[in-house]
1. Can you pull the one-decimal nm distance between simple spin-label points at Ile175 and Thr208, each 7 Å off the Cα toward Cβ?
2. Between Asp61 and Asn37, what is the FRET efficiency for a Förster distance of 22 Å, r being their Cβ-Cβ separation, to the nearest 0.05?
3. Treating the beta-carbon of each Lys and Arg as +1 and of each Asp and Glu as -1, no other charges, what is the dipole magnitude of the chain about its Cα centre, to the nearest 20 debye?
4. Magnitude of the Cβ-charge dipole of region 127-218, K/R +1 and D/E -1, about the Cα centre, nearest 20 debye?
5. Relative contact order for region 28-112 using alpha-carbon pairs under 8 Å, separation at least 6, rounded to a whole percent?
6. Taking R0 as 41 Å, what FRET efficiency do you get between Asn199 and Ile148 from their Cβ-Cβ distance, rounded to the nearest 0.05?
7. Using the Kirkwood radius over C-alpha pairs as Rh, can you work out the diffusion coefficient of region 60-161 via Stokes-Einstein at 10 °C, viscosity 1.306 mPa s, in µm² per second?
8. Using label points projected 7 Å from each Cα along Cα→Cβ, tell me how many nm separate Thr116 and Val92, to one decimal.
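Nothing in this text is a laboratory measurement; each read-out follows from the coordinates by a stated rule. The structure presented is a predicted model; accordingly, all values stated were derived computationally and were not measured. Because the Cβ atoms are built from the backbone with ideal geometry, glycine has one as well, and the counts that use them run over all protein chains shown.
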Amino acid sequence: MKKLIKNILGISLILMLTSCMKKEFSKPTVDLELLANEVHLNIASAELASATVNIKYGNGDYTVESSDETVATASNVGVVITITAISEGSAVITVKDAHGQTATINVTATVLVPTTPMFTWNGQTIEFDKAGGYGITILPNKIALTDIINDQKQYILSWTGGLSEEDKTDGTLAIISAGSEPEIKELVTVKVLKSEASNHYVVFSDGTSGGSLYFGSE
């Protein structure tokens, strides 16, 4: 009888250990989180008509779907989602992972030349020349946008060819964040679309992501 009880206890202990091991090594489900949940695209130029959004956390095997492919389409390679504007309007991109969790990106597509100071890069927008925000420094072949108080970041857009309305060469975008190594983007295109009086509109692209800058020189 004692031997039978020992055997039962031994089996119970093995089952408990096995159960604990399974729990210990089972991969937990994490919330699906994106690096951006809103994208503004401008189909005035090819450089501004697409953007990428990265998946920050998730459970793999991602799929993406657009609520209106006549406005914007979406595709992904791994954790990188590419969104392309087709026409003016609004659409919602839904991202789903292997555990069925979802996250969304609100997309607005317009055909617009700005009328207020504005800088965009990869679908994200910052305004400048406002109290407590980014300031602008303008040189003939270089524009710097700097916020040392809140974002602690600086964008430096440079090229060769001045501010006349035409394609430019030797374009780069430097992104400098406090505590990080500078990120240098070699630009494939830099175009000054508008240069009249004190207003200038520049669009640029590194071949994957696009940006724009609208500013007054006075």
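1. 1.1
2. It comes out at approximately 0.60.
3. Details: 15 positive and 25 negative charges, 352 e Å.
That gives the chain a dipole magnitude of about 1700 debye.
4. Computed about the Cα centre, the dipole is about 40 debye.
5. Relative contact order here is 35 percent.
6. In this case the efficiency is close to 0.95.
7. Details: Rh = 16.3 Å.
Answer, rounded: 97 µm²/s.
8. Using points 7 Å along Cα→Cβ, the separation is 2.7 nm.
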